[in-house]
Amino acid sequence: MNILIITATYPPSANGVAVSTKRTVSELRNRGHRVVVYGPKLMGVSESDYVSAPTIRIGLFGLRDYPIAIPHTVNAIVDKLPNINWDIIHVHHPVVAGPLALKLGKKLRVPVVFTYHTRYDQYIEHFVGLPQFMKRSFHKWIYEHMLLSTLRSFDGVIATTTWLKDLLKKSIPGTPVYYASTAGLTKPFLTRRSKQSLRNELGLPPDEPVFLSVSRLSKEKRTDILLSGFLHWADRHKKGMLVIIGDGANRKHLEAMARKSPHLTRVKFMGKIPNEKLHDWYSCADVFLYSSITDTIGINILEAMSAGLPVVAPDHMTTREIIVSGNSGVLYQGDALNMGSAIDTAFARRKSMAKHAIAVSKKYHVSITVGELTKIYETVIGTHKKHT
């Protein structure tokens, strides 16, 4: 197949959509498909069959690692693309990129599919600043009249979890909705070295519990609850530390929280670390901590599980699809106090949970996820040909 991918983010950006899109593109190319990516200008790297859009970078909302692509006109994009017969367009963002992909689809006479990566309805609440009394109606208007109207125009919408597939079927009746995970793990995030040697190398205590978080540090990821949960746990335990990998607008707030607590030295902020260098950090930890309820699938959860880490996470539709509480991790309800208790359980049972976590992660290997995706492509392409 000749596939055009349109995305607003791509490595070296380290967010989940960028990483998963790159993994998918690489696997599709390994299978012999021609894949061209149209996305933001790559900084410091180059890639064949990559067409750059005009790109800006802003510091608002902690988006320094999230360059914003400002698309060309449709005719200008077509002029920049290889002169081949396209089979399908796959777009990964609904705003700006979504309508652009639809126009390109009409121009090139090919179907367009969209992957629903994020709970956009919940994200809108964090990024649109309005008085409280206006928020609910305005957010509803944006979601229903801007986002859902765009989704209804695609030839197919891809959900990254089965619960999301069911939700979207109800939200956009008449539009085909499919399931294909975006996790796309290429290999286990497990380093075949002892925790002690890894911790010595990374400057971590060799004989204390080490908890790990890998996340963009933003309000909608609920990283303040994650930190509070650990601090409550630390109140009851003299040893143990939290390593936080990631950056974002909420980092200063989190650092201030740590400074106000008596456990400042037990919280280590590492900033951004490239995905390909995370193996050692996952492998040296004991338990992975996760707090978001806006992600449609937690790729970082599965990376941690592939390294044998039990996951402590809020009890939510997304986490329940991946984690069996008491088996491969511990799901908690409520506030940070409950999270602290869940950390106790996961740490105590970490060895028995490790094998179950690894087994679950294997179901999300890129060979499986891309296999699901190509079947969707074939179905959509076949349906489109019948109607043209």
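The values are calculated or read from the model by the stated rules, or taken from the named source; none is laboratory data. Everything quoted here is computed from the prediction, not taken from an experiment. Because the Cβ atoms are built from the backbone with ideal geometry, glycine has one as well, and the counts that use them run over all protein chains shown.
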**OP:** Report yes if K268 is in the same structural domain as R199 (by TED's automatic domain parsing), of a type in the set (K, R) and in contact with an Asp or Glu (Cβ under 8 Å, 6 or more places away or on another chain), otherwise no.
**Re:** no
Subject >> Residue satisfying all of: in the range 287-305; surrounded by 24 or more Cβ atoms within 10 Å (Cβ to Cβ) and small (G, A, S); modelled with the highest pLDDT among these >> reply: A304
Original post:
Can you name the residue in the range 13-65 that is acidic (D, E) and within 20 Å of the chain's Cα centre (by Cα) and is also modelled with the lowest pLDDT among such residues?
Top reply: D65
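Does T175 qualify as being under 30 Å from L373 (Cα atoms), of a type in the set (V, I, T) and modelled with pLDDT under 95? Show your work before the answer.
On the way: under 30 Å from L373 (Cα atoms): yes; of a type in the set (V, I, T): yes; modelled with pLDDT under 95: no.
No, not satisfied.
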Original post:
Given the conditions (1) in a helix (DSSP H, G or I); (2) modelled with pLDDT of 85 or more; (3) outside the structural domain of P94 (by TED's automatic domain parsing), which single one is not true for L204?
Top reply: (1)
**OP:** Sort out which residues of the range 257-286 are within 17 Å of R193 (Cα to Cα) and either in contact (Cβ under 8 Å) with a residue 24 or more places away in the chain or buried (at least 23 other Cβ atoms within 10 Å of the Cβ) (or both), and write them in order of number.
**Re:** L278, H279, D280, W281, Y282, S283, C284, A285, D286
**OP:** Could you check the range 232-348 for helices (runs of 4 or more DSSP H) lying wholly inside it with 2 or more residues that are over 17 Å from L204 (Cβ atoms)?
**Re:** 251-260, 299-306, 317-322, 336-348
**OP:** Give just the number: which of (1) surrounded by fewer than 19 Cβ atoms within 10 Å (Cβ to Cβ); (2) at pLDDT 95 or above; (3) hydrophobic (A, V, I, L, M, F, W, C) does L337 not satisfy?
**Re:** (2)
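For S213, state whether it is within 16 Å of G329 (Cβ to Cβ), at pLDDT 95 or above, among the hydroxyl-bearing types (S, T, Y) and assigned by TED's automatic domain parsing to the domain that holds I358.
Against the criterion (within 16 Å of G329 (Cβ to Cβ), at pLDDT 95 or above, among the hydroxyl-bearing types (S, T, Y) and assigned by TED's automatic domain parsing to the domain that holds I358), S213 qualifies.
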Subject >> Given (1) over 15 Å from H232 (Cβ atoms); (2) hydrophobic (A, V, I, L, M, F, W, C); (3) in contact with an Asp or Glu (Cβ under 7 Å, 6 or more places away or on another chain), number of the condition F347 does not satisfy >> reply: (1)
